[in-house]
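Read-outs throughout are calculated quantities, based only on the coordinates presented, and are distinct from any laboratory measurement. Computed from a prediction, not measured in an experiment: that's the story for all the values here. Cβ: placed from backbone, ideal geometry, glycine included. Neighbour counts: every protein chain shown.
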Amino acid sequence: MDAEEFRTRGREMVDYVADYLETIGSRLPVPDVTPGYLRELIPNTAPDKGENFDNVMSDLDRVIMPGLTHWMSPHFHAYYPSDNSYPSMLGDMLANALNCVGFTWAASPACTELEVAMMDWLAQMLQLPKEFLFSENGKGGGSIQGSASEATLVALLSARTAAINTARESNPEVTQGQLIDKLVAYTSSEHWQLSFGRRFRSLKLWFVLRSYGVAGLQALIRKGENFDKISLGLNPDHMGLMPDSYYRWTTMSDE
């Protein structure tokens, strides 16, 4: 898929999404399928060659929609509403295109600083105490997690660290490992999100594998590898003359 086809397919996808959301109330909120239904509708292996994107789109209605729980449906009352919005979808599309990996400020300053600012905005909207703000002196501030499950995990890890630090203040001779063995997290049988929290990431993978095919994806990965070796001053035509460990250690030493 090149840039021009992406423009075309992007418009088609926007229309598909808008039509879906406009008619979601007419769909059964819960699917009427049995476990394993989907494997009977798709091949056992990924295609070797990429398929026409029209085939992928047609399979959305044939394969995916019959087994989809429509969380945005006005008739769906289980769990909690999976809220979304058109601006959020557009922002998600742009974030995927920019593809920032903001694990440090230097990795992408705008990514880090915007998250800091948005966390302050959100805290102020919720009328949280100023101690929750990045902009105040202290330990305030938050970070955006991908799901409620990730947020719960971060909260548990933070609580564990706080409990260990508090215990070691009065018992400095006790090791962290000894304290961890004594920690207990209380929950309930209704607390299901850590087990079931997940996004529809496999749909993106399905699109990629069918569009590129195994051979096309391998070629794309090799293209990236050759670009890396060119950037290191190596000749991709001669890469078979050197062991993979040479490239690996060269890359690591440059970092």
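If the chain between L41 and D15 were fully stretched, how many nm would it gain, using 0.36 nm times the residue separation less the Cα-Cα distance?
Extra length from L41 to D15 when fully extended: 6.8 nm.
5 Å is the cut-off here: which amide hydrogens, built 1.01 Å from N in the peptide plane, fall below it relative to G141, excluding neighbours closer than 5 in sequence?
L133, F134
What nm distance separates the two modelled labels at V208 and K139, each placed 7 Å from Cα along Cα→Cβ?
Label-label distance for V208 and K139, simple model: 3.8 nm.
If you take every residue apart from F132 with its C-beta less than 13 Å away from the C-beta of F132, what net charge results, scoring Lys and Arg +1 and Asp and Glu -1?
Result for the local shell: -1.
Run the quick spin-label model on L114 and D59: label points 7 Å from Cα toward the beta carbon, then report their separation in nm to one decimal.
Simple spin-label model gives 3.3 nm for this pair.
Taking every eigenvalue of the Cα gyration tensor of region 101-146, multiplying by 5 and rooting it, what semi-axes result, largest first, whole Å?
20, 11, 8
Along region 89-102, what does the Karplus equation 6.51 cos²θ - 1.76 cosθ + 1.60 (θ = phi - 60°) give for ³J(HN,Hα), rounded to whole Hz, x for Gly and Pro?
Listing the rounded values in order: 5, 5, x, 5, 4, 5, 4, 5, 5, 5, 6, 6, 10, x Hz.
Please give every one of the lysines within straight-line cross-link reach of K204, meaning a C-alpha to C-alpha distance under 22 Å, and leave out same-chain neighbours fewer than 8 residues apart.
K49, K223
Once fully extended, how much extra length lies between H77 and A107, figured as 0.36 nm per residue of separation less the alpha-carbon to alpha-carbon distance?
6.7 nm
Full-extension gain between D92 and T187, please, as 0.36 nm times their residue separation minus the C-alpha to C-alpha distance.
Working it through step by step, the gained length comes to 30.9 nm.
As a footprinting exposure proxy, order S26, S149 by other Cβ within 10 Å, with the fewest listed first.
Ascending number of Cβ neighbours within 10 Å: S26, S149.
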